[in-house]
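Only the coordinates and a few stated rules stand behind these numbers; no lab work does. Being a predicted model, the structure only gives us computed values, none of them experimental. Cβ sites come from the backbone with ideal geometry, for glycine too, and all protein chains shown count toward neighbours.
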Amino acid sequence: MRLATSMDRQSWPFVILLAVIFPPAHELLADSSPGDLANRVDRLLAEDVFSVAEDQVKLAPRCDDPTYLRRIFLDLVGTVPTPKEVIDFSLDRDPQKRQKKVARLLSDPRFAANWASYWRDVIMYRRTEQRAIRFVTTLEAFLAEQILAKAPWDKIASSFVTALGDVNQKGETALILAQGGKPEETVGEISRIFLGIQIQCAQCHDHPTDRWKREQFHELAAFFPRVAIRPVRSADQRSFKIVSDDREVKKKRNNDNRNRGTLEHKMPNLEDPSLPGTVMRPALYVTGQKLKTGVEDIRRREALALWMTSPENPWFAKAYVNRMWSELVGEGFYEPVDDMGPDRQCLAPKTMSYLATGFQKQAYDMRGLIRTIMATNAYQRESRPRGKVGEIPFTANRTQRLRADQLFNVMHTALGGEIRQRPHGPTQQSKRGDSRAIFNEIFGYDPSSPRDEVKGSIPQALALMNSTVVQRSINSRRRMGLGRWLKEIKVNDQLVVELYLRCLAREPSDHELQTCLEHVQQTGRRDMAYEDILWSLVNSTEFLQRK
């Protein structure tokens with residue numbers, strides 16, 4: 001019996017309901033199935049959130065199979081299933097088919113590409129060095145390679161902290177390059193992305209809403225003063241390299257010029273900026289672990305990577321868990337996802353702790369965590385729009401606007417291919433005819449932003465209505481796509497179903513089917529009528545969102 005369906009029977013006492021639905025609490029075991037772990041997560045979530053106001057809780061029911069299939073395809077591999085995959089999944093009577101489909105998609109190479117583009121955007125959207133966007137394909141390739149090889153999250157995170165080498169060959173250098181190699185900006189991003197804490201708010205003064213002190217921010221920056229960015233010039237390309245600069249130079253340096261590092265980081269004297277400032281020892285603020293001054297660059301950064309990813313630091317696991325829960329369920333335990341900390345309220349502390357502890361015990365296995373979340377009732381509920389302030393969280397899955405790469409992939413899959421594809425960064429200047437770059441410029445957004453701040457825009461609406469990419473893709477004279485379907489599918493209602501399956505991964509309702517057939521009859525030209533239908537599907541809210 002599932003929580004979603006059972007909660008619809010409002011006459012059942014809430015405490016009895018919990019006892020019936022969930023098995024007894026058990027410790028996390030490495031060999032536990034995703035279903036067992038998910039049951040435990042659902043129980044803890046009910047204790048955390050729903051029991052405090054059981055008379056007000058109205059959980060959304062479990063979503064149907066087509067909705068679930070489209071959801072996991074978008075979340076895992078960044079596109080939609082084919083019509084055959086939708087039909088086969090709906091006809092499958094295996095009670096474990098959802099977990100089995102998730103397992104197969106986690107092994108799909110597209111999983112690595114999808115999440116590489118996600119983390120590419122996380123790293124690049126808040127860059128301060130605009131030239132870094134020229135090397136974004138190397139970053140994306142590095143991420144995809146690591147994810148495909150099933151590298152654990154602590155290994156990937158450590159690679160960004162300790163990165164050295166040519167930025168055109170080493171994708172892990174992208175985070176440092178994106179911040180121009182400046183210690184303050186670099187550690188602010190490392191903390192925000194990998195620890196979920198915005199320590200940068202303590203750069204000029206003690207944090208206004210958290211316990212972090214200004215000294216702690218500059219102790220963190222003291223891990224990076226010896227990092228430098230040097231130009232690399234060759235006959236065929238221009239690049240940069242991240243190097244360790246452990247040499248003492250007597251000539252006065254400009255700290256903003258990261259062509260050369262500085263031996264130690266100094267916290268500026270705010271009362272008299274002309275003074276040299278205070279030399280800071282490298283220290284990780286969340287654990288208190290420190291190094292002495294004078295330590296060479298790579299040893300500093302290796303120590304930071306080790307301490308940052310250690311189980312002794314709970315915020316590393318929590319930051320990743322919070323991001324994944326937010327991406328998959330639609331709202332995080334902490335929001336925004338990169339503004340956590342001991343002074344922030346967690347919406348479900350027991351659930352968060354359980355998932356984070358499990359993530360650590362499973363050696364930061366990204367696929368294992370995702371598999372567990374997708375098996376929960378919380379993930380499998382029907383979607384609802386984002387709730388109002390004060391509304392009980394996690395009662396439904398929340399609709400998500402597609403990221404730019406997802407939208408491009410969906411159009412490529414749904415409209416029959418022939419869209420030029422090249423991996424590009426979120427805001428890189430598009431080249432003529434480069435459709436993916438155009439989509440990234442128009443539809444891209446910062447994945448760390450609260451989803452209620454991600455809005456549609458007039459340029460986005462105009463692009464879907466009038467762009468050459470869309471017009472070319474729905475053209476009935478093409479050999480592929482609609483042109484081919486018009487020739488192969490002569491029965492009108494079957495063609496309507498085909499278009500709905502391709503665009504929305506579901507069959508049309510009776511009303512939708514009747515409306516489309518009436519339009520075909522009234523238009524008088526089959527090709528033009530189906531261009532209109534396909535255009536309307538591409539411009540629908542449902543097409544642009546993950547339900």
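Please give the residues of the range 506-540, grouped as numeric ranges, whose backbone N is less than 15 Å from a label point set 7 Å along the Cα-to-Cβ vector of Ile87.
506-508
Rounded to the nearest Å, what's the spacing between the alpha carbon centres of the range 227-245 and the range 287-320? Just the number, please.
Result: 27 Å between the Cα centres.
For every helix of n ≥ 4 consecutive DSSP H residues, a contribution of -39,500 (n - 2.57) applies; sum these over the chain, divide by its total residues, and give [θ] at 222 nm rounded to the nearest 500 deg cm²/dmol.
-14000 deg cm²/dmol
Measure nothing but the geometry: give the 0 to 90° angle between the long axis through the Cα atoms of 349-361 and the longest principal axis through the Cα atoms of the chain, rounded to 10°.
70
I want to verify the translational diffusion coefficient of the range 125-309 in µm²/s; compute it with Stokes-Einstein, Rh as the Kirkwood radius over Cα pairs, at 20 °C and 1.002 mPa s.
D = 127 µm²/s.
Can you give me the Cα centroid spacing of the range 511-546 and the range 432-465 in angstrom?
24
So how do Met528, Met308 line up by other beta-carbon neighbours within 10 Å, fewest first?
Ascending Cβ contact count within 10 Å gives the list Met528, Met308.
Where does helix 109-124 land angle-wise versus the long Cα axis of the chain, in degrees 0 to 90, nearest 10?
50
Put +1 on the Cβ of every Lys and Arg and -1 on every Asp and Glu Cβ in the range 297-336; which of Ile298, Tyr334, Met308 then has its Cα farthest towards the positive end of the dipole?
Ile298
Could you tell me which of rounded, prolate or oblate describes the range 448-509, using a ≥ b ≥ c as the square roots of the eigenvalues of the alpha-carbon gyration tensor, with rounded for a/c under 1.5 and, failing that, prolate when a/b is larger than b/c and oblate otherwise?
Note, shape of the range 448-509 comes out oblate.
Using a 10 Å cut-off on Cβ atoms, rank the peptides 342-349, 135-142, 395-402 from the highest mean neighbour count down.
For the peptides 342-349, 135-142, 395-402, the packing ranking is 135-142, 395-402, 342-349.
Counting only DSSP beta bridges with both residues in the chain, what percent are antiparallel, rounded to the nearest 5?
Just about 90 percent of them are antiparallel.
Go ahead and run the numbers for FRET between Ser540 and Arg104, Cβ-Cβ distance against an R0 of 25 Å, rounding to 0.05.
With a Förster radius of 25 Å, E is 0.30.
List the lysines whose Cα sits under 26 Å from the Cα of Lys100, skipping any in the same chain fewer than 8 residues away.
Leaving aside lysines fewer than 8 places away in the same chain, those within reach of Lys100 are Lys84, Lys150, Lys361, Lys547.
Note down the magnitude of the dipole of the chain about its Cα centre, charges +1 on Lys and Arg C-beta and -1 on Asp and Glu C-beta and zero elsewhere, to the nearest 20 debye.
1640
For Arg506, enumerate residues with amide H under 5 Å from its amide H, sequence gap 5+ or separate chain, H modeled in the peptide plane.
For Arg506, whose amide H was placed from the backbone, the distant partners under 5 Å are Leu501.
Stretched out fully, how many nm does the piece from Met528 to Ser449 gain, at 0.36 nm a residue minus the Cα gap?
Extra length available between Met528 and Ser449 comes to 24.4 nm.
About its Cα centre, how strong a charge dipole does the range 142-205 have in debye, to the nearest 20, once Lys and Arg get +1 and Asp and Glu get -1 at the Cβ?
120
So for the pair Gln237, Glu488, with labels modelled 7 Å out along Cα→Cβ, what separation do we get in nm?
In this crude label model, Gln237 to Glu488 measures out at 3.9 nm.
Thinking of the chain as a set of Cα atoms, what percent of all their pairs are more than 32 Å apart?
Pairs farther apart than 32 Å: 50 percent.
The range 404-546: percent of C-alpha pairs farther apart than 26 Å?
27
Going by average Cβ neighbours within 10 Å, how do the peptides 87-98, 435-446 rank, with the highest at the top?
Packing order, densest peptide first, comes out as 435-446, 87-98.
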